[in-house]
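Have a look at the structure below before the remarks.
The values are calculated or read from the model by the stated rules, or taken from the named source; none is laboratory data. Computed from a prediction, not measured in an experiment: that's the story for all the values here. Positions of Cβ are backbone-derived with ideal geometry, glycine not excepted, and every protein chain shown enters the neighbour counts. These accessible areas exclude ligands, DNA and RNA; they are computed on the full protein's heavy atoms, side chains included. Shrake-Rupley method; radii C 1.70, N 1.55, O 1.52, S 1.80 Å.
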Amino acid sequence: MTTTEVRQKATELARGELTLTRLDFVLIGTILLLAGICIGLLSAPFTHGISVFSNNGNNNGNNCGNSGTLDDSGVGNC
């Protein structure tokens, strides 16, 4: 596409005389859809907060959590 064609398309767009073919319309719609999916997937972790750890239920044997106490032998008293 040459610069004269780009300039002509820009003036047609400014006048409101630009027509889209069916293929152009489908391609623009597809690009917008995929861009929305990418933006949604990238912004989804921010809605629930970012965690450094996996939090998959493995607590490394600390079954008491923060409320339990340890006796002299190091065993938890839940």
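Overview of values
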{"item": "Neighbours by Cβ (under 8 Å, 6+ apart or cross-chain): first from segment 7-21, of a type outside the set (A, V, I, L, M, F, W, C); second open to solvent by less than 100 Å² (accessible area, probe 1.4 Å) and assigned to a loop (DSSP other than H, G, I, E, B)", "result": "LYS9/LEU18; GLU12/LEU18"}
{"item": "Odd one out for ASN59, checked against (1) at pLDDT 65 or above; (2) open to solvent by less than 80 Å² (accessible area, probe 1.4 Å); (3) not small (Gly, Ala, Ser)", "result": "(1)"}
{"item": "Within segment 12-33, considering residues that are open to solvent by less than 100 Å² (accessible area, probe 1.4 Å) and in a helix (DSSP H, G or I), the one modelled with the highest pLDDT", "result": "THR30"}
